[in-house]
Amino acid sequence: MDGVSDGSKANASLHHLNNLMKSGRHQRARSLLDLILATQAKIEEEAESLFPDEDAWQRVRDANSYEEPFLRFHLSDEAVGRMHTLGALLESEQGQLEKAIFHAEKAVEIGEGVLLIAGYHDRDRVVSLERSQASRLGNLGFWQYQAGDYDKSIVNAQKSLEYYPESHVVRANLGLALLHTNQIDAALREYTTA
């Protein structure tokens, strides 16, 4: 893939990860995602902070497959955010809610930075980026709900709705979390709006 732009390589990697997930090769997708994220780090401490647990970081340290050509490129912050989003989806499919929440929080954090920068430089992309951020926040809130962290679920669902108030799914999930915290009237308002 020499001579190919980093953006094209990033898109190819995202496509490859999607295909691995769709074909049920979750362990390979997880390992590949770990490797891609590790190659983006400049120092070991930074790389270690990209992973939800010591096992994931250990897999990367032990791996000898850095030779895969699509791993030799720099990802934009936006692409790293997409990688974390894929990681969250992959972990949630495997029933690993804590790891899914970790990746989703990283994706949301990166998404906020990308939105901030785009707001200054690329106003045309802001609406699209806001919709993506709404989706990331909605997913994070849903996984927090599944993990029983209703207060955080409510906060992230409300943030999601600030970006995209028309999301009926997020409103319904917010209603569920509100019910679990005995906020019956607020839950009914969300269900009525959804």
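The values are calculated or read from the model by the stated rules, or taken from the named source; none is laboratory data. A quick note: this is a predicted structure, and the numbers were derived from the prediction, not measured. Positions of Cβ are backbone-derived with ideal geometry, glycine not excepted, and every protein chain shown enters the neighbour counts. Calculation scope for accessible area: heavy atoms of the full protein, side chains included, ligands and nucleic acids excluded. Shrake-Rupley method; radii C 1.70, N 1.55, O 1.52, S 1.80 Å.
Based on what the data block shows, is Tyr145 modelled with pLDDT under 85 and in a helix (DSSP H, G or I)?
So Tyr145 fails the test.
When the range 142-158 is examined, which residues are found to be among the acidic types (Asp, Glu) and loosely packed, with under 14 Cβ neighbours inside 10 Å? Across the range 142-158, the qualifying residue is only Asp151. Remark: Leu161 falls outside the filter, which requires a residue to be closer than 25 Å to Leu20 by Cα, in a helix (DSSP H, G or I) and either open to solvent by 50 Å² or more (accessible area, probe 1.4 Å) or at pLDDT 95 or above (or both). Quick check on Leu179: is it surrounded by fewer than 18 Cβ atoms within 10 Å (Cβ to Cβ) and either among the small types (Gly, Ala, Ser) or modelled with pLDDT of 95 or more (or both)? Considered against the rule, which asks whether it is surrounded by fewer than 18 Cβ atoms within 10 Å (Cβ to Cβ) and either among the small types (Gly, Ala, Ser) or modelled with pLDDT of 95 or more (or both), Leu179 comes out as yes. Listed by first and then second residue, the pairs with beta-carbon distance under 6 Å, at least 6 apart or on different chains, first residue in the range 175-191 and under 19 Å from Gln146 (Cβ atoms), second open to solvent by 40 Å² or more (accessible area, probe 1.4 Å) and aliphatic (A, V, I, L, M), are Ala187/Leu179.
The residue pairs whose first member lies in the range 117-132 and is in contact (Cβ under 8 Å) with a residue 60 or more places away in the chain, whose second member is surrounded by 15 or more Cβ atoms within 10 Å (Cβ to Cβ) and in a helix (DSSP H, G or I), and whose beta carbons are closer than 6 Å, counting only pairs six or more residues apart or on different chains, do not exist in this structure.
If you go through the range 94-112 and keep only what is part of a helix (DSSP H, G or I) and open to solvent by 30 Å² or more (accessible area, probe 1.4 Å), you end up with Leu97, Glu98, Lys99, Phe102, Glu105, Lys106, Glu109, Ile110, Glu112.
This table checks each residue for (1) out of contact with any Pro (no Cβ under 6 Å at 6 or more places or on another chain); (2) over 30 Å from Arg28 (Cβ atoms); (3) open to solvent by less than 10 Å² (accessible area, probe 1.4 Å).
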site: His84; (1), (2), (3): yes, no, yes
site: Val114; (1), (2), (3): yes, no, no
site: His121; (1), (2), (3): yes, yes, no
site: Leu140; (1), (2), (3): yes, no, yes
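Reported count of residues in the range 113-142, each being in a helix (DSSP H, G or I) and at pLDDT below 90, is 16.
For the range 100-114, how many residues are under 8 Å from the mean Cα position of the chain (by Cα) and among the aromatic types (Phe, Trp, Tyr)? The number of residues fulfilling the criteria is 0. Ala194 meets the stated requirement of being open to solvent by less than 60 Å² (accessible area, probe 1.4 Å), more than 25 Å from Leu33 (Cβ to Cβ) and touching a His at 6+ places or on another chain (Cβ under 6 Å).
If you go through the range 41-52 one residue at a time, do you hit one that is at pLDDT below 65, assigned to a helix (DSSP H, G or I) and touching a Phe, Trp or Tyr at 6+ places or on another chain (Cβ under 7 Å)? Yes.
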